[in-house]
Amino acid sequence: LPMEVVSRLGKATRLITRDYLNPFFKKYGLQQGEFDVIATLRRSGHPYTLAPTQLFEALMISSGGMTNRLDRLENAGLIERAPNPEDRRGTLVSLTAKGIELTGEIVPLHVENESRALSTLDQSEQQQLNELLAKLLEGMKEE
């Protein structure tokens with residue numbers, strides 16, 4: 001049973017990513033990880049600014065992986081980096097006006113896309129699955 005559950009979790013993740021998430025983000029010239037960065041900045045609230053360390057800790061990726069994402073997003077004009085006025089060695093990452101506009105446009109569409117991915121489950125089943133996955137993740141927290 002544990003092998004079946006873990007296998008199904010992995011397969012569901014791969015299929016959702018391949019069939020729903022990757023094609024959706026590709027339409028906007030993004031990869032999923034890049035969307036995660038701009039969505040995290042947007043969720044942070046005005047002025048939509050975080051330090052790179054806050055971003056890679058929130059997204060649980062390496063600092064090198066974050067640098068690559070930030071480089072691509074900066075080249076696309078969706079974020080900008082500026083010196084941190086409170087730490088001369090650090091920088092701050094902010095959404096640009098273009099980044100704010102894009103996240104405002106695609107977040108509702110992204111939620112609709114995820115709803116389509118889960119459409120074989122009714123609302124009650126989605127809630128039950130969500131609660132079970134939350135319980136599983138809570139039990140796996142690092143100390």
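What number of residues within segment 83-97 are surrounded by 12 or more Cβ atoms within 10 Å (Cβ to Cβ) and not hydrophobic (A, V, I, L, M, F, W, C)?
First, the residues of segment 83-97 that are surrounded by 12 or more Cβ atoms within 10 Å (Cβ to Cβ): 84, 90-96.
Applying the additional criterion that residues be not hydrophobic (A, V, I, L, M, F, W, C) yields 84, 90-91, 94, 96.
Number of matching residues: 5.
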**Study point:** Residues of segment 20-36 satisfying the condition of being surrounded by fewer than 15 Cβ atoms within 10 Å (Cβ to Cβ) and in a helix (DSSP H, G or I)
**Key:** 22, 23, 26, 27, 32
**Study point:** residue 80 assigned to a helix (DSSP H, G or I) and open to solvent by 60 Å² or more (accessible area, probe 1.4 Å)
**Key:** no
Check your understanding: If the Cβ limit is 8 Å and pairs must be 6+ apart or interchain, which residue in segment 37-62 that is assigned to a helix (DSSP H, G or I) pairs with which residue that is among the acidic types (Asp, Glu) and open to solvent by 40 Å² or more (accessible area, probe 1.4 Å)?
Key -> 59/36
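Can you confirm whether residue 102 is within 30 Å of residue 53 (Cβ to Cβ) and not hydroxyl-bearing (Ser, Thr, Tyr)? If you could, list the steps in order and put the result at the bottom.
Working: within 30 Å of residue 53 (Cβ to Cβ): yes; not hydroxyl-bearing (Ser, Thr, Tyr): yes.
Answer is yes for this residue.
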Review point. Is it the case that segment 130-141 has a residue that's open to solvent by 70 Å² or more (accessible area, probe 1.4 Å), out of contact with any Gly (no Cβ under 8 Å at 6 or more places or on another chain), modelled with pLDDT under 95 and closer than 18 Å to residue 36 by Cβ?
Key: yes
Exercise for review: Please state which one of 73, 92, 41, 59 is hydrophobic (A, V, I, L, M, F, W, C) and out of contact with any Gly (no Cβ under 9 Å at 6 or more places or on another chain).
Suggested key: 92
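Would you say residue 13 is surrounded by 11 or more Cβ atoms within 10 Å (Cβ to Cβ), more than 11 Å from the chain's Cα centre (by Cα), at pLDDT below 95 and of a type outside the set (Phe, Trp, Tyr)? Working first, answer last.
Values: surrounded by 11 or more Cβ atoms within 10 Å (Cβ to Cβ): yes; more than 11 Å from the chain's Cα centre (by Cα): yes; at pLDDT below 95: no; of a type outside the set (Phe, Trp, Tyr): yes.
It is false that residue 13 is surrounded by 11 or more Cβ atoms within 10 Å (Cβ to Cβ), more than 11 Å from the chain's Cα centre (by Cα), at pLDDT below 95 and of a type outside the set (Phe, Trp, Tyr).
Does residue 69 fit the bill of being open to solvent by 80 Å² or more (accessible area, probe 1.4 Å) and either under 17 Å from the mean Cα position of the chain (by Cα) or modelled with pLDDT under 95 (or both)?
Criteria not met by residue 69.
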Practice item. Pick out the one residue from 115, 94, 124, 119 that is at pLDDT 95 or above, small (Gly, Ala, Ser) and in a strand (DSSP E or B). Key: 94
Check your understanding: Quick check: is even one residue across segment 108-124 within 18 Å of residue 47 (Cα to Cα), surrounded by 12 or more Cβ atoms within 10 Å (Cβ to Cβ) and without any contact (Cβ under 8 Å) to a residue 12 or more places away in the chain?
Key -> no
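The values are calculated or read from the model by the stated rules, or taken from the named source; none is laboratory data. None of these values were measured; they are calculated from a predicted model. All Cβ positions, even for glycine, are placed from backbone atoms using ideal geometry, and neighbour counts span all protein chains on display. We work out accessible area using only protein heavy atoms, side chains counted, and drop any ligands, DNA or RNA first. Shrake-Rupley method; radii C 1.70, N 1.55, O 1.52, S 1.80 Å.
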